[in-house]
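Beneath this line is the structure, given in structure tokens, with notes to follow.
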């Protein structure tokens, strides 16, 4: 329903020059291939636990994003992205990122593009302080369907850096911050997505 | 002589395939219902037949299932209105057809609970009659975008997860997901 409204609105707003404001939707799938976790903490009984493991894996996920931004020059666009993205099993975030895209040919021509994206992912809506860091870089092919509508086929690599909650294995309760010396988790994934921009 | 007759026959067949320019299209199907591929064959009188094969992903986006089902549908569609604006051609169409698959049906709930609650009922065979309504945006000679809505009315047969007997019910997902948009990006050849 949202895509239909956007498509119809874009036809009403399109004019001869490339529009300054851009908006769109992006959807795709991701595969988390490598995870790493290092946690060092003291449990309730007083002994210290150090867990450090990393390894190859495969966790399939998906993402759906919406963006709003500006076309700064015929080759460069900057936009803010948000939506819903899966990072790992049972771990999904609401991302809020800024993306800078460079089109090797002008935006109203077909051609390759590359982009860099960085921001945060909110793990819980009720607690905005619980965030993870999202960084991605990608490339793709830009198809200019009309002056205002374009279709991008994208391929990117993403790193998600998190500080997950640690649960005491004996009591089942969350370990307090004062007992945690180190808490790092990272997830590295490859993503394929399609974006429709207006 | 025999070889030349075969060659002429092959050339005639090749000409029939190429004579109808852009009578066929192959597309990528994207929806929250599933992902897959679509093949369309344009017919006379502004009609086209559409064949769609998808992986049904009910429950997967919300973590309630980790295996997709399979879904296949056929529909005969009629373009009843076309108009153009700013280099874009809009075609409104409706159609009817049938579908079948091996899928999950509707179960209450949205996200998996903490602890990993998954869809309890088994997969089952589904067969249904369906109706489509859509709009095709043709941007170029060879590329178009379809926005389509499909409702399905049929039955779902599955093995009961507790007693092991066969359960037959109305396929509720076909009705509840009728307003989920489907986006099809097609290349015409």
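Only the coordinates and a few stated rules stand behind these numbers; no lab work does. This structure is a prediction, so every number in the text was calculated from the model and none was measured. Glycine gets a Cβ as well: all are built from the backbone with ideal geometry, and neighbour counts include every protein chain shown.
Remark: the stretch A:19-197 is approximated by an ellipsoid whose semi-axes, taken from the C-alpha gyration tensor as √(5λ), come to 38, 15, 12 Å, largest first.
Using alpha carbon centroids, what distance separates the stretch A:120-198 and the stretch A:18-83, in Å? If we compute the Cα centre of each part, the gap is 2 Å.
Over the residues of chain A, the helix contribution to mean residue ellipticity at 222 nm works out to -2000 deg cm²/dmol, using -39500 (n - 2.57) for each DSSP H run of at least 4. Here the convex hull built on the C-alpha positions of the stretch B:36-189 has a volume of 116 cubic angstrom per residue. Put in order of Cβ neighbour count within 10 Å, fewest first, the listed residues B:67, B:55 become B:67, B:55. Here residue A:47 and residue A:125 are evaluated by their C-beta separation; at R0 = 35 Å the FRET efficiency comes out at 0.45. Among rounded, prolate and oblate, which fits the protein assembly as shown when a ≥ b ≥ c are the square roots of the eigenvalues of its C-alpha gyration tensor, a/c under 1.5 means rounded, and a/b larger than b/c means prolate? Note, shape of the protein assembly as shown comes out oblate. Contact order, relative form, for the stretch A:19-197: 25 percent (alpha carbon pairs under 8 Å, 6 or more residues apart, mean separation divided by residue count).
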